[in-house]
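**Q** Handing you a structure now.
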Amino acid sequence: MAQSGFDFSMFLEHPMLRHLGELGRRLRRIMLSIIIFLAIFFIFGPSSIPVRRTVISLPFIKPIVLTSFPIIVPSFLNSFSAIMVRYFIFSEVPKGLVIINVGAFDAIFASLEVSVLFSIIFSMPVILTELWKFVSPGLYEIERREMRVFIIPAVLLFLAGAAFAYFIVIPVLLLVVKLYTASLHIAAYVSIRSFITIVIGFMVSFGAAFELPVVMVTLTRFGFVEGRTWMENWRYGVLFSFIIALILSPGVTGGLIETMIGLTLSSLYIVGALICKRIQAKVKGSSVAGG
């Protein structure tokens with residue numbers, strides 16, 4: 001049988017294919033972690049088993065009486081995600097606004113969305129580790145150290161954005177919906193799936209939007225944008241912040257939420273610009289001293 005004269009081994013040995021293969025392996029590990037946590041949050045829930053009454057005494061702490069031991073059991077009706085859905089409803093929904101189940105499976109899909117969110121959050125150590133192992137070999141040692149410095153501020157800013165959405169934006173939005181429907185003399189109802197989608201969507205969106213200073217500092221530190229450029233173009237930064245506010249806002253609050261988001265993002269932009277300007281000055285000072 002005649003053999004082909006074309007050598008396919010050149011493609012198998014190509015560095016790009018090796019990188020893609022490695023990326024695929026790391027993405028599979030990330031997906032496996034997310035699926036495992038998804039199953040845990042969606043199917044399992046907390047429970048307890050009774051134990052002999054035990055008193056635990058610790059220094060400077062009131063004695064603890066232990067009568068049961070917490071365990072995790074299969075519990076679809078009282079899963080971790082179902083508990084979080086109930087918590088969101090009782091903590092966020094104002095009195096007079098009723099959450100209802102419109103579609104047959106809306107409550108289940110709402111619980112599934114919450115499971116996806118928390119599975120991603122709990123898989124974040126795996127996600128960051130796998131992505132870091134993929135990217136770090138192509139970085140210099142000084143770049144590796146600087147990238148590690150950005151991780152903690154990025155996480156804290158994401159949490160701050162999610163908290164801003166959860167404690168300020170969403171309650172104001174739901175209150176406006178309640179007041180507006182009451183002014184029309186109609187009952188205020190919100191489907192469970194729409195409510196959960198709003199909560200999760202706003203928390204993720206605001207968490208991502210609060211990463212603006214980290215993005216600015218990263219671009220300046222690696223030489224893509226000069227530090228003084230951010231402050232010189234602060235008007236465009238403020239304009240961009242309010243454009244993001246218009247995108248994130250539902251547009252039913254008469255400009256209240258849009259203004260809150262715009263001012264908050266503008267403040268973050270100014271803080272990021274000041275940090276970038278200081279970094280640029282520090283880098284120039286180091287280069288002058290080294291010269």
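**Q** Can you pull out every residue in the range 103-115 that is modelled with pLDDT of 90 or more and within 24 Å of ILE186 (Cβ to Cβ)?
**A** If the condition is that a residue be modelled with pLDDT of 90 or more and within 24 Å of ILE186 (Cβ to Cβ), then ASP106, ALA107, ALA110 are the ones that fit.
Here's the yes/no breakdown for (1) farther than 21 Å from LEU173 by Cβ; (2) at pLDDT below 80; (3) open to solvent by less than 40 Å² (accessible area, probe 1.4 Å); (4) of a type in the set (Asp, Glu):
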| site | (1), (2), (3), (4) |
| --- | --- |
| GLY237 | yes, no, yes, no |
| ILE247 | no, no, no, no |
| GLY254 | no, yes, no, no |
| GLY262 | no, no, yes, no |
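**Q** Return the pair list, or none, for Cβ contacts closer than 9 Å from residues in the range 15-31 that are more than 20 Å from ILE121 (Cβ to Cβ) to residues that are modelled with pLDDT of 85 or more and surrounded by 12 or more Cβ atoms within 10 Å (Cβ to Cβ), at least 6 apart or on different chains.
**A** Cβ pairs passing all conditions: ARG25/GLU130.
**Q** I'm told VAL190 meets every condition in (1) buried (at least 17 other Cβ atoms within 10 Å of the Cβ); (2) within 30 Å of CYS276 (Cα to Cα) except one. Can you identify the failing condition by its number?
**A** Condition (2) is where VAL190 drops out.
**Q** If I filter the range 108-121 for residues that are of a type in the set (Gly, Ala, Ser), more than 30 Å from PRO213 (Cβ to Cβ) and surrounded by fewer than 15 Cβ atoms within 10 Å (Cβ to Cβ), do I get at least one hit? Break it down stepwise before answering.
**A** Keep residues of the range 108-121 that are of a type in the set (Gly, Ala, Ser), which gives 110-111, 115, 119.
Filter once more, so that each one left must be more than 30 Å from PRO213 (Cβ to Cβ): 110-111, 115.
Subset that is surrounded by fewer than 15 Cβ atoms within 10 Å (Cβ to Cβ): none.
For the range 108-121, residues of a type in the set (Gly, Ala, Ser), more than 30 Å from PRO213 (Cβ to Cβ) and surrounded by fewer than 15 Cβ atoms within 10 Å (Cβ to Cβ): absent.
**Q** Further question on the same structure: Is the range 144-165 home to any residue that is of a type in the set (Asp, Glu) and surrounded by 17 or more Cβ atoms within 10 Å (Cβ to Cβ)?
**A** Narrowing the range 144-165 to residues of a type in the set (Asp, Glu): 146.
Imposing the further condition that a residue be surrounded by 17 or more Cβ atoms within 10 Å (Cβ to Cβ) reduces the set to none.
Among the residues of the range 144-165, not one is of a type in the set (Asp, Glu) and surrounded by 17 or more Cβ atoms within 10 Å (Cβ to Cβ), which makes the answer no.
**Q** I've got another one for you. Only one of these conditions is not met by THR229: (1) modelled with pLDDT of 85 or more; (2) part of a helix (DSSP H, G or I); (3) open to solvent by 60 Å² or more (accessible area, probe 1.4 Å). Which number is it?
**A** Only one criterion in (1) modelled with pLDDT of 85 or more; (2) part of a helix (DSSP H, G or I); (3) open to solvent by 60 Å² or more (accessible area, probe 1.4 Å) is unmet by THR229, namely (3).
**Q** Could I ask something else about it? Identify all residues within the range 207-224 that are outside any helix (DSSP H, G or I) and open to solvent by 40 Å² or more (accessible area, probe 1.4 Å); write none if there are none. Please lay out each step first, then the result.
**A** The first filter runs over the range 207-224 and keeps only residues outside any helix (DSSP H, G or I), leaving 210-211, 222-224.
Listed by number, the residues that qualify are PHE222, GLY223, PHE224.
**Q** Within the range 73-98, how many residues turn out to be hydrophobic (A, V, I, L, M, F, W, C) and either in a helix (DSSP H, G or I) or under 25 Å from the mean Cα position of the chain (by Cα) (or both)? Walk me through it before giving the result.
**A** Here is the first cut: in the range 73-98, the residues hydrophobic (A, V, I, L, M, F, W, C) are 73, 76-77, 80, 82-85, 88-90, 93, 97-98.
Filter again for either in a helix (DSSP H, G or I) or under 25 Å from the mean Cα position of the chain (by Cα) (or both), leaving 80, 82-85, 88-90, 93.
Qualifying residue count for the region: 9.
**Q** Can you say whether ARG53 is out of contact with any His (no Cβ under 6 Å at 6 or more places or on another chain), assigned to a helix (DSSP H, G or I) and of a type outside the set (Gly, Ala, Ser), as far as the supplied structure shows? Outline the logic, then answer.
**A** Numbers: out of contact with any His (no Cβ under 6 Å at 6 or more places or on another chain): yes; assigned to a helix (DSSP H, G or I): no; of a type outside the set (Gly, Ala, Ser): yes.
Judged against the criteria, ARG53 is not a match.
The values are calculated or read from the model by the stated rules, or taken from the named source; none is laboratory data. Given the structure is predicted, the values throughout are model-derived calculations rather than measurements. Heads up, the Cβs are rebuilt from the backbone with ideal geometry, glycines too, and the neighbour counts pull from every protein chain shown. Keep in mind that these areas ignore ligands, DNA and RNA; they rest on the heavy atoms of the full protein, side chains included. Shrake-Rupley method; radii C 1.70, N 1.55, O 1.52, S 1.80 Å.
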